[in-house]
Amino acid sequence: MKDVNESSIFLFGILLFMVLISATRDFRERTKSKLVKIMIWAGIMAKSSALLMALIYA
């Protein structure tokens, strides 16, 4: 159980890091198209749902 918690915390840290990177990119590049923002958001949601599935079925 301890290994599962450590790996999930590590994956959650990576997820937060990627969210911060995409947020700063969006802030710097205000001319970015909406499609790219939607793709970034969809990627973040897919990663978080994959993390939740891994936690549920671990």
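Quick notes on this one:
Residue-wise test of (1) at pLDDT 80 or above; (2) assigned to a helix (DSSP H, G or I); (3) loosely packed, with under 11 Cβ neighbours inside 10 Å.
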residue	(1), (2), (3)
4	no, yes, no
17	yes, yes, yes
27	no, yes, yes
35	no, yes, yes
53	yes, yes, yes
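- For first residues located in the range 4-18 and closer than 17 Å to residue 43 by Cβ, partners that are hydroxyl-bearing (Ser, Thr, Tyr) and assigned to a helix (DSSP H, G or I) and lie 6+ apart or on another chain with Cβ distances below 9 Å form the pairs 12/48; 15/48.
The values are calculated or read from the model by the stated rules, or taken from the named source; none is laboratory data. Everything numeric here is computed off the predicted structure, so don't read it as measured data. Neighbour counts run over all protein chains shown; Cβ positions are idealised from the backbone, glycine included.
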